[in-house]
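Structure first, then comments.
The values are calculated or read from the model by the stated rules, or taken from the named source; none is laboratory data. What you see is a predicted model; the values in this text were computed from it and never measured. Because the Cβ atoms are built from the backbone with ideal geometry, glycine has one as well, and the counts that use them run over all protein chains shown. Side chains included, ligands, DNA and RNA excluded: accessible areas come from the protein's heavy atoms. Shrake-Rupley method; radii C 1.70, N 1.55, O 1.52, S 1.80 Å.
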Amino acid sequence: MPRRIMQGSVVSAKADKTAIIRVERIVMHPLYKKVIRRSKKYAAHDENNTCKEGQVVKIRECSRISKRKRWEVLIEDKG
């Protein structure tokens, strides 16, 4: 089964090795057909504490790390 990958922005990076990521998605209202933004926050594992608030990152589903952490931050080399 492939692991899900989502993109979002870092809301908080204060905890050790953990970043809170807000993922937004766009859905259409079933009755009124208006486009609505829905967001959800995920706790993701950040091994080297590289995330900064406001940064856009990708997260990947992984095995359970703690009670709330089931995602890990993907490190992408820019170069």
Practice item. Would you be able to tell me the number of residues in the range 1-56 that are assigned to a loop (DSSP other than H, G, I, E, B) and either open to solvent by less than 100 Å² (accessible area, probe 1.4 Å) or among the polar types (S, T, N, Q) (or both)? Key: 12
Exercise for review: Considering only the range 1-39, state which residues are basic (Lys, Arg) and in contact with a Gly (Cβ under 9 Å, 6 or more places away or on another chain).
Suggested key: Arg22
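Would you mind stating whether Ile59 is within 19 Å of Ile5 (Cα to Cα) and not in a strand (DSSP E or B)? Don't jump to the end; show me each part of the working.
Details: within 19 Å of Ile5 (Cα to Cα): yes; not in a strand (DSSP E or B): no.
No.
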Exercise for review: Could you figure out which of (1) farther than 17 Å from Ile75 by Cβ; (2) of a type in the set (A, V, I, L, M); (3) touching a residue at least 12 places away in the same chain (Cβ under 8 Å) isn't true of Ile21?
Suggested key: (1)
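Scan the range 59-72 residue by residue and report those that are buried (at least 16 other Cβ atoms within 10 Å of the Cβ) and either in contact (Cβ under 8 Å) with a residue 40 or more places away in the chain or closer than 12 Å to Ser12 by Cβ (or both). Let's see the steps before the verdict.
Taking the range 59-72 as the starting set, the residues that turn out to be buried (at least 16 other Cβ atoms within 10 Å of the Cβ) are 59, 69-72.
Passing the criteria: Ile59, Lys69, Trp71.
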